[in-house]
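Inspection log for the structure reproduced underneath, given as structure tokens.
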There are 2 protein chains.
Amino acid sequence: MKAELLVEGATILTMDGQWRAFDPGWLAVKDGAIAGLGPMPAPGGLEAGEVVDGRGMLCLPGFVNTHTHVAMAAFRGAGEDRADRLVRFLFPMEKALVTRDLVREASRFCLAEMARSGTTTFADMYYFEDEVARAADEAGMRAVLGETIVDFPSPDAPEAHGGLAYAEGFIAQWQGHERITPCFAPHATYTVDPDVLVAIHGRAEALGLPVLIHLAETEKEAARFKVSHGSAVRYLDSLGLLDPRLVAAHVVYVDAEDIALLARRGVAVAHCPASNAKSGRPIAPAYRMREAGIRLGLATDGPVSGNGMDMEGILGLYPKLQKVLEGRREVLSSREALRAATLGGAEALGLAEKTGSLEPGKRADFLLADATDFNMQPVYDWYATAVYAMRPHNVRQVYVDGRAIVRDGRMTTIDEAQALAGMAGIADRCRDQIARLMREIQ
Amino acid sequence: MKAELLVEGATILTMDGQWRAFDPGWLAVKDGAIAGLGPMPAPGGLEAGEVVDGRGMLCLPGFVNTHTHVAMAAFRGAGEDRADRLVRFLFPMEKALVTRDLVREASRFCLAEMARSGTTTFADMYYFEDEVARAADEAGMRAVLGETIVDFPSPDAPEAHGGLAYAEGFIAQWQGHERITPCFAPHATYTVDPDVLVAIHGRAEALGLPVLIHLAETEKEAARFKVSHGSAVRYLDSLGLLDPRLVAAHVVYVDAEDIALLARRGVAVAHCPASNAKSGRPIAPAYRMREAGIRLGLATDGPVSGNGMDMEGILGLYPKLQKVLEGRREVLSSREALRAATLGGAEALGLAEKTGSLEPGKRADFLLADATDFNMQPVYDWYATAVYAMRPHNVRQVYVDGRAIVRDGRMTTIDEAQALAGMAGIADRCRDQIARLMREIQ
């Protein structure tokens, strides 16, 4: 066989159904897919266009970040620690400042941070989502991108629910792209009218696309739907929205009945431990959702909510918080945590056929992390090392479809200096307005 | 004035009592102390032996890590997620494997990880603590080092409580060192006899030294002393142990009465959010302890407990968990969190006269972090950037007493290749024994 790429000598955690690991192992890429992998040595007849010396490296499936708002990188660190921050600060700030330009520049910038720390696939919901698609395509990343639909005028749609028409145009433009899945993203149960939610669901079904939504995220939302329908989850069920297309982010305020319902309906969950905690929310019962059989991925949430966009931070936090919630250190092993950041995320986004684990036939989406650095040593348990000790800088090479989008820790697809300069320009334009808004909500 | 070192153009968060920040600012070092600092430009008459271009850098006081067991780096990642891990796995493993050699090699290794991520001062408790002292001295770090005393034979003392005699020797050898404070570290309320606790307290008082202890850390401990004395804290108070010399690590199982008592007695707390969470413990009421006026610092705990030894990970986790515990996002601002990792830690260790903030006359212990990297941008709130967005690799230069112990992200004081090779040798010697012990506790 003649491969395009051959990685030799790395420790490979495949994250497949049998938890296979090769230490050391080899992995070959052909036509952007994984052609084969196994324990060293690589088969004799295997030739490769490029051979990567993986000795001392940990090879993992690329991370899947199941819920982000990448363009909000433009506002990272603004308005921290304010009560009711979303409604009092973020919505007005977005109204005042979000433009097509901002989304383009901030997305490109944010994708660099994400890719450099090992993320190969992400799900995003925002405005001007076609610009996010362009940035993701340029970066060479895989993405599920939902245009946001809300019941008030938004930066890219002057009428209430105008995002629906915007989404239709965006989807028509991008559907069928090999790496980008365009879709609908109704903002939340409390910001989209029920008839519009039903219409979105119908369109998504007709087009065969996912639906991204914030669900059971805020206390106010929980209180409102508790009165009317028992819970926000049950409200969505009453509209027929709960199905395997739905990727619900947060899912904090849920009881056992909600969890059983989500499992029965096949809804996927994007678990956002950092942003939920930073908002002072209860710990979402992610372990119990997994035990109930729910497809569950991990997510940073947007840079305004979780700040750091690296999945390393989320990986360590996820099991820690579940252990706290359950009161037992035995809960949620390192390998289960790593699974959520890789295959679990791919399953949640409906991309498990393509990515999330290292198996022959899947797309060659993987990272190589330098395991010889101080913080990664010594190693007695590779899963624990990946989950609790690895940090963003350990990631040195990142591949999507077998193409190196990060080499030696730097983007190959995006001009880094240009991306940084683009963000600096955006931030300069935002600074005064943000300061003014902050004064208003003092 | 003629300074040894002048940093120009960095954003300086002084963490002093007035929250002064200079953006951009200058900082001059003379005789290892901060000779002056302020907003740019630096005074005209100021000459310097070395001028550091701080443009694009964030300058912070070096981090203070108030509770570690650095030599346990030798076991990082071993025996994860096992119930009753300390007693069933860690104690037997230490008995079998901890030698003077191991402590020397593992300490040197671990200090490199800590220093490179910005820690300048740490508190440690372990066996062969004189080897930790040697490693800290060699690394050029500041440290409070407690020899562990337990009621069973330990790696460096064959008799129960033999650590007390060992500690006396260690203290005699190191007391008076300008950067190293040797002291006593009774392991915990439940592993040291009451008469020995009282004897240690007396000796610490006579010698003018701190006492380091694990307190109110485990459920078993909490249950035991609840019956006998109301709580572990009240048990220690009944022995007269609670005073401003005591640095109590963890302090998880405490009620309002305990918090008031700790505050009244002036006890300091080393808060370990990562290791407590990873152990499935409740979230320690750190915010309430601070509100009660308790001196509180942050800590990684040992590498077996918290795994990552960078304070960046702890910095982000601390406010997140307190917001979860209190159920409010407004609780614990970024600047309060950063204070705990710097001046708060110095206060807890009784070193606030010397370190923890950037003020004239204090020792020149500080870090420079590259704020131009993707994950640090944009900046609207430097405290939020430092707490939630900064990652270990952003730290480029680290100074203790004005001496660069880290330059361009590399140790200047420790041979990194040698430190890595030393750890590799130790890990190779431990591997079989660890595997055997793991099988025994299956």
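The values are calculated or read from the model by the stated rules, or taken from the named source; none is laboratory data. Note that this is a predicted model, so its numbers are computed, not measured. Note that each Cβ is placed from the backbone with ideal geometry, even for glycine, and that neighbours are counted across all protein chains shown. Surface accessibility is based on the protein's heavy atoms, side chains included, excluding ligands, DNA and RNA. Shrake-Rupley method; radii C 1.70, N 1.55, O 1.52, S 1.80 Å.
Amide H to amide H, with H built 1.01 Å from N, A:Ala249 comes under 5 Å of A:Ile213, A:His214, A:Leu215, A:Ala270, counting only residues 5 or more places away or on other chains. Could you list the residues of the range B:134-156 with an amide nitrogen less than 18 Å from a label point located 7 Å from the Cα of B:Glu50 in the Cα-to-C-beta direction? The answer is B:138-142. The angle separating the long axis of helix B:416-440 from the principal Cα axis of greatest extent in chain B is about 30 degrees. Counting only alpha carbon atoms, the long axis of helix A:100-116 and the longest principal axis of chain A meet at about 30°. Amide H contacts for A:Ala3 (H built 1.01 Å from N in the peptide plane; partners 5 or more residues away or on another chain; cut-off under 5 Å): A:Glu47, A:Ala48, A:Gly49.
Distance to the B-onto-A rotation axis is smallest for one chain B Cβ; residue and value in angstrom are B:His393, 2.
Rounded to whole Å, give me the distance from the Cα center of the range A:311-344 to that of the range B:1-30. Taking the Cα centre of each part, the range A:311-344 and the range B:1-30 sit 40 Å apart. Between B:Glu168 and A:Lys226, the distance separating the two model label sites (each 7 Å from Cα on the Cα→Cβ line) works out to 6.2 nm.
Helix-only estimate, please: 222 nm mean residue ellipticity of the protein assembly as shown, summing -39500 (n - 2.57) across DSSP H runs of length 4 or more and dividing by its residues, to the nearest 500. Don't skip to the end; give the middle numbers.
Numbers: 28 runs with 312 residues, N = 884.
That comes out to -10500 deg cm²/dmol.
If you count only protein heavy atoms with a 1.4 Å probe, what accessible area per residue comes out for the range B:63-348, rounded to a whole Å²? Working shown, then result.
Working: 7780 Å² over 286 residues.
Normalised by residue count, the accessible surface of the range B:63-348 is 27 Å².
Work out the P(r) tail for the range A:388-442: percent of alpha carbon pairs separated by more than 13 Å, whole number.
Values: 1065 of 1485 pairs.
The answer is 72 percent, as a whole percent.
Simple spin-label estimate for B:Glu440 and B:Ala83 gives 2.0 nm between the two label positions (7 Å along the Cα-to-Cβ direction from each Cα). If I fit a long axis through the Cα atoms of helix A:256-265 and take the longest principal axis of the Cα atoms of chain A, what angle between them do I get, 0 to 90°, rounded to 10? The angle comes out at about 70 degrees. Taking each residue as 0.36 nm, the span from B:Met40 to B:Ala96 lengthens on full extension beyond its C-alpha to C-alpha distance by 14.5 nm. Whole-Hz Karplus values for the range B:325-339 come out as 4, 8, x, 9, 6, 6, 5, 6, 5, 4, 5, 5, 5, 5, 4 Hz, taken residue by residue from phi with 6.51 cos²θ - 1.76 cosθ + 1.60 and θ = phi - 60°; glycine and proline positions read x. Under 5 Å between amide hydrogens, built in the peptide plane, is the criterion, and for B:Ala123 it picks out B:Asn65, B:Thr66, B:His67, B:Thr68, B:Val144 among residues at least 5 positions away or on other chains.
Placing dummy labels 7 Å off each Cα toward the beta-carbon, the span from B:Ser333 to B:Val198 is 4.7 nm. The residues packed around A:Tyr287, meaning those with a beta-carbon under 13 Å from its beta-carbon, carry a net charge of +2 if Lys and Arg are +1 and Asp and Glu are -1.
Which net charge results when you count Lys and Arg as +1 and Asp and Glu as -1 among the other residues whose beta-carbon is under 10 Å from that of B:Glu178?
+2
Summing both sides, the accessible surface hidden between B and A at a 1.4 Å probe radius is close to 5000 Å².
Tally Lys/Arg at +1 and Asp/Glu at -1 over every other residue whose Cβ is under 13 Å from the Cβ of B:Val51; what's the total? After counting each charged neighbour, the total is -3.
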